[in-house]
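Here is the structure we will look at.
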Amino acid sequence: MTRGREAPVRGRRIPVWLWIPAGLGALVLTLPFVALLIRLDWTSVPAAIASPEALQALSLSLSTAAIATAVCVVLGVPLALVIARTAGPLAAVLRTLATLPLVLPPLVGGIALLSLLGRNGLFGGALAVLGIRIPFTTAAVVIAQVFVALPFLVISVEGALRAVGTGHESVAASLGARPLTVFRRVTLPLAAPGLVAGAVLCFARAMGEFGATALFAGNAPGVTRTMPLAIYTAFNGAGVQEDTAIALSLLLILVAVAVLLLMRGWRADAVR
């Protein structure tokens, strides 16, 4: 009941003049999607999405995004825990490194990955001697997705860990629980809302990754051509048709909306 009464009060306290720029901002964010929906030929959507090229790109995007999300969870949860439970310069350095891919253009990430794992990269030569080639393979798609999506999970989990504090962990440790038991039975359950939200964001970001993937993995059909690359290819006059590109764009929008709704549901549960 309290929350239901608070919303109108907050609404009345907003100055009237702020509604004008707020409305313009909402239009800036909304009108491009409205234009896309108006342009879409709804009768051709099922056939466009069901085309072999579209299904191939969709299947590749779903599989690589799922693998990338799993890798982000395995690597990101420990990193977030270290950042959340560490003070001083080390935490600041780790937090900066973890969030750096968020502020860099994705193309820079692709160049950085090529500099690391490319044929003439830091580790690329050694891998080539072993017969391992990563660039322009499906593995490169996953690595690029992990690079750009990992910060979302680290930020979400770190925020959740800082919010719950260390009280419960200290009590469990004082009762004789081993560090691994504390992590498994106390820390992870407390951080679950942030972990789920971060994992969902990771998956959505991996699904929409384009720049780093294009440079590091290429655009080979069935191997590295994900949905964003299929859309780009269509508007450059090759591969799938434009109707398919718009239909795939609609599908990516639906995924993003589902992500936001899922995150909102978890936040509501956390408040309760």
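So which helices (runs of 4 or more DSSP H) are wholly in region 140-232 and hold at least 3 residues that are touching a residue at least 12 places away in the same chain (Cβ under 8 Å)? Quick ask: steps written out before the conclusion?
Details: elements: 167-174, 179-182, 192-207, 211-216.
Result: 167-174, 192-207, 211-216.
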Report task. Please determine, by comparing only the residues of region 40-71 that are in a helix (DSSP H, G or I) and touching an Asp or Glu at 6+ places or on another chain (Cβ under 7 Å), which one is most open to solvent (accessible area, probe 1.4 Å). Result -> Ser44
Query raised in the report: Considering Val108, Val74, which residue is of a type in the set (Val, Ile, Thr), within 16 Å of Glu209 (Cβ to Cβ) and either open to solvent by 50 Å² or more (accessible area, probe 1.4 Å) or more than 24 Å from the chain's Cα centre (by Cα) (or both)?
Result: Val108
Requested in this report: Go over the candidates Leu79, Leu97 one by one and state the one that is under 22 Å from Arg162 (Cα atoms), open to solvent by less than 60 Å² (accessible area, probe 1.4 Å) and modelled with pLDDT of 90 or more.
Outcome: Leu79
Report task. Scan region 82-94 for residues that are in a helix (DSSP H, G or I), out of contact with any Gly (no Cβ under 9 Å at 6 or more places or on another chain), open to solvent by less than 50 Å² (accessible area, probe 1.4 Å) and under 19 Å from Leu190 (Cα atoms) and jot them down. Result -> Ile83
Query raised in the report: Take the residues of region 111-139 that are in contact with a Gly (Cβ under 7 Å, 6 or more places away or on another chain), open to solvent by 30 Å² or more (accessible area, probe 1.4 Å) and not in a loop (DSSP other than H, G, I, E, B): which is farthest from Glu209 (Cα to Cα)?
Result: Ser115
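Here are some residues: Ala92, Ala57, Ala50. Which one is without any contact (Cβ under 8 Å) to a residue 40 or more places away in the chain, within 27 Å of Ala234 (Cα to Cα) and aliphatic (A, V, I, L, M)? Step through it out loud before you land on a result.
On the way: Ala92 fails: within 27 Å of Ala234 (Cα to Cα); Ala57 fails: without any contact (Cβ under 8 Å) to a residue 40 or more places away in the chain.
Answer to the check: Ala50.
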Report summary line: When every residue in region 224-244 that is hydrophobic (A, V, I, L, M, F, W, C) and either open to solvent by 40 Å² or more (accessible area, probe 1.4 Å) or modelled with pLDDT under 75 (or both) is compared, the one farthest from Leu201 (Cα to Cα) is Ala238
Requested in this report: State whether the residues of region 135-142 include one that is among the hydroxyl-bearing types (Ser, Thr, Tyr) and within 23 Å of Thr224 (Cα to Cα).
Outcome: yes
Requested in this report: Restricting attention to region 31-76, report how many residues are β-branched (Val, Ile, Thr) and modelled with pLDDT under 85.
Outcome: 4
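Quick check on this structure: which one of Leu188, Leu161, Leu180 is over 23 Å from Ala66 (Cβ atoms), among the aliphatic types (A, V, I, L, M) and open to solvent by 50 Å² or more (accessible area, probe 1.4 Å)?
On the way: Leu188 fails: over 23 Å from Ala66 (Cβ atoms); Leu161 fails: open to solvent by 50 Å² or more (accessible area, probe 1.4 Å).
It is Leu180.
The values are calculated or read from the model by the stated rules, or taken from the named source; none is laboratory data. For clarity, every value in this text was computed on a predicted model and none was experimentally measured. Note: ideal-geometry Cβ built from the backbone for every residue, glycine included; neighbour counts use all protein chains shown. Calculation scope for accessible area: heavy atoms of the full protein, side chains included, ligands and nucleic acids excluded. Shrake-Rupley method; radii C 1.70, N 1.55, O 1.52, S 1.80 Å.
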